[in-house]
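Comments concern the structure below.
The values are calculated or read from the model by the stated rules, or taken from the named source; none is laboratory data. As the structure is a computational prediction, the values presented were derived from the model and not from experiment. Note that each Cβ is placed from the backbone with ideal geometry, even for glycine, and that neighbours are counted across all protein chains shown.
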Amino acid sequence: MKVTADDLKKIRFFDNYTDKQLDTIAAISSIKEFKVKDILFEQYDELVDVYVLLEGSLSLGISLANDKRIHLGTIEEGQFFSWSAVFKPYISTAWVMTVTPAKVISIDAKKLNQEIEKDCDFGFKTMSKIAQTISQRLSDTRFQLMNQLTL
Amino acid sequence: MQQYKCIKKEEWDKVLEQLLVSHTIFASTDSEFGIDYELVTPAVISRIIYNKPKPATPLKSFYLPVRENVTSEAGGAKPRIILGIPNCDVEGLSLLDEIYLDKEFYDVYYKKRRDETLMISSDCFGIQEHCHCLSYGIKPFSTGNADLAVIKLEGMMIFRILSGKGEDFISKIQGILPLTDKELINIIDKEHNSTEALLKEKNKGLPDYKKTGTLVTEAKKEIWEKYSATCVSCGACTTICPTCTCFLLIDKPGFEKVKQLDACQYPGFERVAGGEDALFELHTRFRNRYMCKYAWKPEKFSSIACTGCGRCIEACIGKINKNELFMELI
Amino acid sequence: MKSKNIYKPIKAKLTEVIDESPPIKTFVLIPEEEFAFKTGQFIELSVDGIGEAPFTPSSSPHVTDKLEVTVMKTGYVTEIMHKLNPGVFMGIRGPYGRGYPVETFFGKEVLILGGGCGLAPIRSLLYALEHIKDHLEKVILCYGSKTPTDCVYKPLFNRLNNTDKFEAYRTVDKPDEEWSESVGVVTSLLNKIKVNIANSVAVVCGPPIMMKFGTIRLLEMGYKEDLIYLSMEKNMSCGLGKCGHCMMGEYFVCKDGPVFTYNELKNTPDIWK
């Protein structure tokens, strides 16, 4: 399904981009739909797209050696994920699966990286947003860890 | 010109003997154990000393017993007279008044003791080794807060009236006359001045009270670790301090409560039910007391939280000297 | 000046004990004397002859004939409390401290961040807010517990989501097989809520770690320091501003708190210990 700049304007993650930059992103994006218990990607998969969740709820976690899935967190509407697709070696650190039927915006990571290199302003904005997401994820993970380690 | 009243010492001793019928009297005496309060009986009267600093027991002990039942009826007791209180203790009582006579939550037991006690302060002619009241703005003689101040000089007992209660007491004594002998008044002034001079000389360089707050707040961890090296958390400093009042409420059957003096120096003072203890390490407890006295209480209360009496230095079995600490912080 | 003895408790009959989760029970008490509190204030609840401990009532401040106190089994006194049966008398001293200033929330959106046993005082706050909901824009509760079993007052969430102007979201650190709601720490719920920060106040109540991370996130989101309300639990003992056990810097938590704004605490060291 095609994506337009107006579609992106409604999503908090894409605020601050210029109209031209939004057009660029829209051109390399598409909307994907998933059913319940669909796996978007597995831990250690090579990732080619980054995503923003539009509707529904996804679970994120890691797998143990015996293939047991540990559910670590929930991805909520509006959140950006699959950031590993932007950075070498492009390998996912976790699996992501649907909890409810879901709709995501999928952005071609290779083309996104090309745009980041071409346009400094776009590159800075995009990297800042990704850094912000990862930083929050790290903070939440530390909090979760401290919860387990202490009373 | 300061107004004094006077009476011959022999007459005063007779007055005391008469008062014993209706009052419990504690007075400062000297013994093999040092200067301290003693419960007065007719035999003790001749041993009462005046103007020599200072009783080891702080005044707070008369108002805050180590242990008391705070849910039973406040017992009817004889009115009390405490004779020979140094001014450092008198000033320290102001902080206790602010805490225990607070309008929203006032302690009936403390109030009763305050109401039924007459406080006779004794001007200090001379100092003890660790006295430093003047460094904190406290004079070695009372000009308020107590009911009377007393000086023994050349066979005369000379009184300064400091409150309505004191005025009332004096007016009932037969034979009390205004002091007119200018010589005696000069001697009193001289003694005041020389005591202050001794204090200034002994405590040169000690920071004044206002500065202490900043000094302890900015002090580094190494200072606390250094000075608490010999501390064993015995709590002597808090027990003997005229302004330390932290306590525990202990439950007894029948929903009775016993209030018992506690100390922030004891391990577990801030331990919570789940086991966490913010002051687990000894040097943090040591620092806590300084922060409380010099930084935090001054923010909360208008009365001074350290009167410079120096008892904590004398009492410490680890020989920790707070004045040495402050001199190092400067 | 009150002439009542400040140390003497009033008696209250324990009429019901509700099991919330393995370590948590709610006690329903009927005080023998008139007793009223403001939401966020605390009481010292005692077991006859054993000891007392501070608790923030979890019932509505508008219900005055009975009182509910949610108790987590943590130490000596609470362990004995958990063994009590209805019919015994307990002692109550209080109410003490500064509660939540709900009158200042009029016309605003209220975001509540709760964790673990912090839901107890929050439940009382929610009742108080429900009482004045015509004057509020919106109330959002984000609550996190370690596991689904640790989540107390389970029926509360459904009820809130069916109440006009209220929204409630739950998350757990570690889900079980049946859990279908969010997983992760409570701050991650802040990603999905919609709130007008310029016209909002935030209330945070839970374990120290949660309060620390929660406050950091709220500040990042743009909440003003004097509009973040923190419920500081700190070893309250006498409740009267006298015994010194709850001193946190220059504050007595029992008198100046337990509800503080972040603004008041930001320069006080070690508040999260």
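Some notes on this structure:
- Any hit, the range B:232-241, residues being closer than 20 Å to B:Leu101 by Cβ, within 14 Å of chain C (Cβ to nearest Cβ) and under 23 Å from the mean Cα position of the chain (by Cα): yes
- Wholly within the range B:205-252, helices (runs of 4 or more DSSP H) carrying at least 2 residues that are touching a Cys at 6+ places or on another chain (Cβ under 7 Å), within 23 Å of B:Cys131 (Cα to Cα) and not assigned by TED's automatic domain parsing to the domain that holds B:Arg67: B:236-240
- Selection from the range B:257-271 of residues that are out of contact with any Phe, Trp or Tyr (no Cβ under 6 Å at 6 or more places or on another chain), facing another protein chain (nearest Cβ under 8 Å) and under 29 Å from B:Ala74 (Cα atoms): B:Cys264, B:Phe269
- Tally of residues being farther than 16 Å from B:Gly213 by Cβ and either within 14 Å of chain C (Cβ to nearest Cβ) or touching a Lys or Arg at 6+ places or on another chain (Cβ under 9 Å) (or both) across the range B:295-315: 5
- Hey, B:Glu154 more than 14 Å from chain C (Cβ to nearest Cβ) and acidic (Asp, Glu) or not: yes
- Filter result for B:Ile120 (touching a Ser or Thr at 6+ places or on another chain (Cβ under 7 Å) and either of a type outside the set (Lys, Arg) or buried (at least 23 other Cβ atoms within 10 Å of the Cβ) (or both)): no
- Residues that are of a type outside the set (Asp, Glu), within 22 Å of the chain's Cα centre (by Cα) and part of a loop (DSSP other than H, G, I, E, B) within the range C:163-194 comprise C:Thr163, C:Lys165, C:Gly184, C:Val185, C:Ile193, listed in sequence order.
- Filter result (buried (at least 18 other Cβ atoms within 10 Å of the Cβ) and either more than 9 Å from chain A (Cβ to nearest Cβ) or free of Cβ contacts under 8 Å to residues at least 12 places away in the same chain (or both)) within the range C:161-194: C:Phe166, C:Ala168, C:Tyr169, C:Arg170, C:Val172, C:Leu190, C:Asn191
- Some residue of the range A:71-81 being more than 14 Å from chain C (Cβ to nearest Cβ), surrounded by 14 or more Cβ atoms within 10 Å (Cβ to Cβ) and in contact (Cβ under 8 Å) with a residue 12 or more places away in the chain: no
- Any hit, the range C:247-263, residues being outside the structural domain of C:Glu52 (by TED's automatic domain parsing), within 15 Å of C:Leu111 (Cβ to Cβ) and part of a strand (DSSP E or B): yes
- Residue that is nearest to C:Val183 (Cα to Cα) [pool: residues in the range A:63-107 that are in a loop (DSSP other than H, G, I, E, B) and in contact with a strand residue (DSSP E or B) (Cβ under 6 Å, 6 or more places away or on another chain)]: A:Val99
- Taken over the range C:91-104, the criterion of being surrounded by 16 or more Cβ atoms within 10 Å (Cβ to Cβ) and out of contact with any helix residue (DSSP H, G or I) (no Cβ under 8 Å at 6 or more places or on another chain) is satisfied by C:Gly91, C:Ile92, C:Arg93, C:Gly94, C:Pro95, C:Gly99.
Residue-wise test of (1) touching a residue at least 12 places away in the same chain (Cβ under 8 Å); (2) assigned by TED's automatic domain parsing to the domain that holds C:Lys212; (3) touching a Phe, Trp or Tyr at 6+ places or on another chain (Cβ under 6 Å).
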| residue | (1), (2), (3) |
| --- | --- |
| C:Pro121 | yes, yes, no |
| C:Leu126 | yes, yes, no |
| C:His131 | yes, yes, no |
| C:Lys138 | yes, yes, no |
| C:Tyr143 | yes, yes, no |
| C:Pro148 | yes, yes, yes |
| C:Asn158 | no, yes, no |
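- Tabulated pairs, the range B:272-294, first at the interface with chain C (Cβ under 10 Å from one of its Cβ atoms), second among the charged types (D, E, K, R), C-beta under 7 angstrom, 6+ apart or interchain: B:Asp277/B:Glu270; B:Asp277/B:Arg271; B:Ala278/B:Glu270; B:Ala278/C:Asp270; B:Ala278/C:Lys273; B:Leu279/B:Glu270; B:Leu279/B:Arg285
- Close contacts from the range A:120-146, counting a first residue that is within 12 Å of chain C (Cβ to nearest Cβ) and a second that is loosely packed, with under 15 Cβ neighbours inside 10 Å and not acidic (Asp, Glu), with Cβ to Cβ under 8 Å and a gap of 6+ residues or different chains, come to A:Ser139/C:Ile216.
- Residues satisfying the criterion are present in the range B:80-95 (criterion: buried (at least 22 other Cβ atoms within 10 Å of the Cβ) and within 14 Å of chain C (Cβ to nearest Cβ)).
- Within the range B:161-207, the set of residues being closer than 20 Å to B:Met327 by Cβ and surrounded by 15 or more Cβ atoms within 10 Å (Cβ to Cβ) comprises B:Leu198, B:Leu199, B:Lys202, B:Asn203, B:Leu206, B:Pro207.
Yes/no per residue for (1) surrounded by 16 or more Cβ atoms within 10 Å (Cβ to Cβ); (2) at positive phi; (3) of a type in the set (Lys, Arg):
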position: C:Asn85; (1), (2), (3): no, no, no
position: C:Glu109; (1), (2), (3): yes, no, no
position: C:Arg123; (1), (2), (3): yes, no, yes
position: C:Asp134; (1), (2), (3): no, no, no
position: C:Glu137; (1), (2), (3): yes, no, no
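- Residues satisfying the stated conditions in the range A:19-61, i.e. within 14 Å of chain C (Cβ to nearest Cβ) and either more than 23 Å from A:Thr74 (Cβ to Cβ) or part of a strand (DSSP E or B) (or both): A:Val52, A:Leu53, A:Leu54, A:Glu55, A:Leu58, A:Ser59, A:Leu60, A:Gly61
- For C:Tyr262: the one exception among (1) over 29 Å from B:Asp251 (Cα atoms); (2) of a type in the set (Phe, Trp, Tyr); (3) within 14 Å of chain B (Cβ to nearest Cβ): (3)
- The residue that is farthest from B:Ala74 (Cα to Cα), among those in the range C:1-55 that are aromatic (Phe, Trp, Tyr) and away from chain B (no Cβ under 11 Å), is C:Phe27.
- One residue from C:Gly40, C:Gly51 being surrounded by 17 or more Cβ atoms within 10 Å (Cβ to Cβ), of a type outside the set (A, V, I, L, M, F, W, C), free of Cβ contacts under 8 Å to residues at least 40 places away in the same chain and under 29 Å from B:Asp102 (Cβ atoms): C:Gly51
- The conditions of being hydrophobic (A, V, I, L, M, F, W, C), touching a Gly at 6+ places or on another chain (Cβ under 9 Å) and not assigned by TED's automatic domain parsing to the domain that holds C:Leu119 are not met by C:Met211.
- Only one entry of C:Leu113, C:Leu141 meets the criterion of being touching a Cys at 6+ places or on another chain (Cβ under 7 Å) and either part of a strand (DSSP E or B) or surrounded by fewer than 19 Cβ atoms within 10 Å (Cβ to Cβ) (or both), and that entry is C:Leu113.
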